[in-house]
Amino acid sequence: MFFSATFGFDLTGEPFPGEPEAPVIFHFNVRLQGDKITENPVIVQNTWTLAHDWGEEERCPSPSPEKNKKVDELDQCNKMVGNDDNRARSNISKLNPSRISTSGKYFPFKQGYLSVATLRVGSEGIQMTVDGKHITSFAYRETLEPWLVSEVKISGDLKLISVVASGLPTSEDSDHTTDLESLKSVPLPQEKQLDLFIGVFSTANNFKRRMAVRRTWMQYSAVRSGAVAVRFFVGLHKNQIVNEELWNEARTYGDVQLMPFVDYYNLITWKTLAICIFG
């Protein structure tokens with residue numbers, strides 16, 4: 001990616017029924033020319049929902065470095081960002097001399113120069129690495145866990161060279177269900193054992209992801225013949241309308257196993273146990 005001025009990206013989810021705007025699971029914004037608070041380059045991280053607007057903003061460099069928290073054993077804001085570090089600058093200058101500014105302060109992005117940014121999902125939060133160096137960490141916020149992400153939105157003044165994505169879902173328009181019968185789950189066989197049982201973690205409002213799976217590898221002959229069974233294990237949602245739509249989906253397709261608890265990321269162990277019990 002080539003960067004200039006201000007740029008960023010959002011990881012967004014599906015909008016809840018009755019809400020026109022999708023929640024922003026993670027907002028990453030780079031301001032190379034600073035903002036109202038500082039004239040130095042800064043990275044701003046945040047989340048957004050219609051109900052609670054913007055969450056607590058995290059900035060890097062942090063205005064209070066002594067309050068810097070750990071996420072997955074990594075600093076929320078790497079201490080080298082925006083600070084003098086002779087040893088670090090010496091190492092970086094050997095790899096890319098153009099990345100060192102005249103002030104002697106290291107910042108991971110430089111206007112007009114190429115960078116490789118990697119976003120990684122950890123157990124406690126999201127990690128950003130630039131040119132192989134960890135830069136920021138952002139802890140998950142309740143009801144805005146990574147499994148809710150359905151789209152990546154990139155904005156600002158940058159030239160995108162290439163993108164490599166691993167583990168991102170494939171969206172599917174839920175309106176195109178004319179072949180409904182072919183998408184319904186095959187009943188479990190009563191007279192013989194299964195060759196394979198597959199339990200899939202899912203969340204209540206991720207209908208498009210489940211539809212993508214139903215239209216793709218759930219159409220393999222092994223699944224359609226009943227030799228392999230696939231079930232989505234889904235917890236309840238705080239939104240009653242979402243739960244009603246989920247119940248209708250479960251009755252329609254016959255491949256959703258409802259969990260008797262409201263879904264949170266730290267309850268994934270319960271889902272694992274449920275898959276084992278069902279199997």
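Values for this structure:
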{"quantity": "Qualifying residues in region 261-279 (those that are at pLDDT below 90 and open to solvent by 80 Å² or more (accessible area, probe 1.4 Å)) - the one farthest from R231 (Cα to Cα)", "calculated": "N266"}
{"quantity": "Contacts under 7 angstrom Cβ, first residue in region 53-73 being without any contact (Cβ under 8 Å) to a residue 12 or more places away in the chain, partner surrounded by 11 or more Cβ atoms within 10 Å (Cβ to Cβ) and among the hydroxyl-bearing types (S, T, Y), 6 or more apart", "calculated": "N68/S62"}
{"quantity": "Segments classed as helices (runs of 4 or more DSSP H), wholly inside region 173-264, with at least 2 members that are within 27 Å of the chain's Cα centre (by Cα) and aliphatic (A, V, I, L, M)", "calculated": "207-215, 240-253"}
{"quantity": "Sole residue being over 17 Å from the mean Cα position of the chain (by Cα) and within 20 Å of D10 (Cα to Cα), chosen from E39, E57", "calculated": "E57"}
{"quantity": "Which numbered condition A22 fails, given (1) among the aliphatic types (A, V, I, L, M); (2) part of a loop (DSSP other than H, G, I, E, B); (3) exposed (fewer than 15 other Cβ atoms within 10 Å of the Cβ)", "calculated": "(3)"}
{"quantity": "Filtered residues of region 99-151 (kept if surrounded by 18 or more Cβ atoms within 10 Å (Cβ to Cβ), at pLDDT 85 or above and of a type in the set (S, T, N, Q))", "calculated": "Q127, T136, S137"}
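Quick grid of which residues meet (1) touching a Leu at 6+ places or on another chain (Cβ under 8 Å); (2) of a type in the set (S, T, Y); (3) open to solvent by less than 70 Å² (accessible area, probe 1.4 Å):
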position: N206; (1), (2), (3): yes, no, yes
position: V213; (1), (2), (3): no, no, yes
position: T216; (1), (2), (3): no, yes, no
position: F233; (1), (2), (3): no, no, yes
position: L246; (1), (2), (3): yes, no, yes
position: A250; (1), (2), (3): yes, no, yes
position: Q257; (1), (2), (3): no, no, yes
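The values are calculated or read from the model by the stated rules, or taken from the named source; none is laboratory data. Here the structure is a predicted model, which means the values were calculated and not measured. Virtual Cβ from ideal backbone geometry, glycine too; neighbours counted across all protein chains shown. Ligands, DNA and RNA are stripped out before the accessible areas are found, and what is left, the full protein with its side chains, is counted by its heavy atoms. Shrake-Rupley method; radii C 1.70, N 1.55, O 1.52, S 1.80 Å.
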